[in-house]
Amino acid sequence: IKTYKFLPLYYQLAARMSSVTKDNSNFQTVLMELMERVAIEHPHHTLWIILALAHAYKDDELLAVEATVRPRRRQASTDDKIEEERVQAAKCMLENLRQVNKKMADIVTNMEKLCTAYIELANWPVANKTNRNLQPLQKDLAILKIADCDNILLPSVELQVDPTGTYKDIISPVRFGTHYRIVGGINLPKIITCVGSDGRERTQLVKGQDDLRQDAVMQQVFTLVNELLAGEVEARRRQLKIRTYKVIPLSQKCGLLQWCEGTKPLGEYLIGSNGAHTRYRPNDWSAKNCREHLQAAGNKADQRLKAYQ
């Protein structure tokens, strides 16, 4: 079976990884061999998935709180132990891939370097949390030192699968912009720019303290839906398609998203400056008035429900 046929299932295969072999089964051996074979032929489509598992606790390591947070999480439940076994299996796979040849070792090294730089940026504290204008990045951030990575794909770029595993002229990261800006949200995701090897500047969204693994799976589902729609004559005639974008989990707590040009958040559309709610329902309470009304109702559920009604 050609390895590219397993690419749509790679997330699901990775979820079955473990460093522990149970009941003398050879399942893990076969699984690891298959996943390594797919990764060798299609590294740009697979290694980010393995890196996200291997770096599951990287946020805590960078924040120097691993010693107090991570052990308790491991002992909390059986699920946490399974997750730790999966992390160890992913780290083992990365080491195995480094041993394949120098080309593969360089790809793994550069992708890991870029992944760590993104995670560092995601967890880098924002000084001014209300400033929505461009602000300078700290000069010693690893993301600004990324160079000589012409053998890896810029992660926010879509790459067509090559069944032969021959990937030439990929768009690689050349340099990252020295400034960023933040968007709304509790965790203040950062908007950055990166110039690719094709000379085009692309916008990326780096999110910290947010698990993007489910988001990535949903984009995978939408991609499959598009393939089904493409197979229907009527759907093709009507050009039915779900617009997708790249979501790359980097760890359990952060990730990278392709910035969708020409779009705006739903909240901004509804209640932003001259928002749709004000235009179409001018006599309704404003969002601010609604929040104040609910806050005044107190914390009891019945009181808040009555205020909401």
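Taking a threshold of 31 Å on the Cα-Cα distance, which of the pairs Lys22/Lys103; Lys113/Lys168; Lys5/Lys168; Lys5/Lys113; Lys81/Lys264 fall above it? Exceeds cut-off: Lys22/Lys103; Lys81/Lys264. Among the helices of the chain (complete DSSP H runs), which have Cα atoms covering no less than 20 Å along the helix axis and a Kyte-Doolittle mean of at least -0.5? Flagged H segments are 27-41, 102-123, 213-230. When peptides 15-24, 282-291, 138-147 are ranked by their average number of other Cβ atoms within 10 Å per residue, the highest-first order is 138-147, 15-24, 282-291. Kirkwood's formula applied to the C-alpha pairs of the range 165-309 gives a hydrodynamic radius of 19.4 angstrom. Highest-first packing order for the peptide set 39-52, 193-206 is 39-52, 193-206, based on the mean count of other beta carbon atoms within 10 Å. Packing-based ranking of 53-61, 129-137 yields 53-61, 129-137, ordered from highest to lowest mean Cβ neighbour count within 10 Å.
P(r) tail for the chain: Cα pairs beyond 36 Å make up 29% of the total.
Read the figures in this text as sums done on the coordinates, not as results from a lab. Remember, it's a predicted structure, so these values are computed and weren't measured experimentally. Cβ: placed from backbone, ideal geometry, glycine included. Neighbour counts: every protein chain shown.
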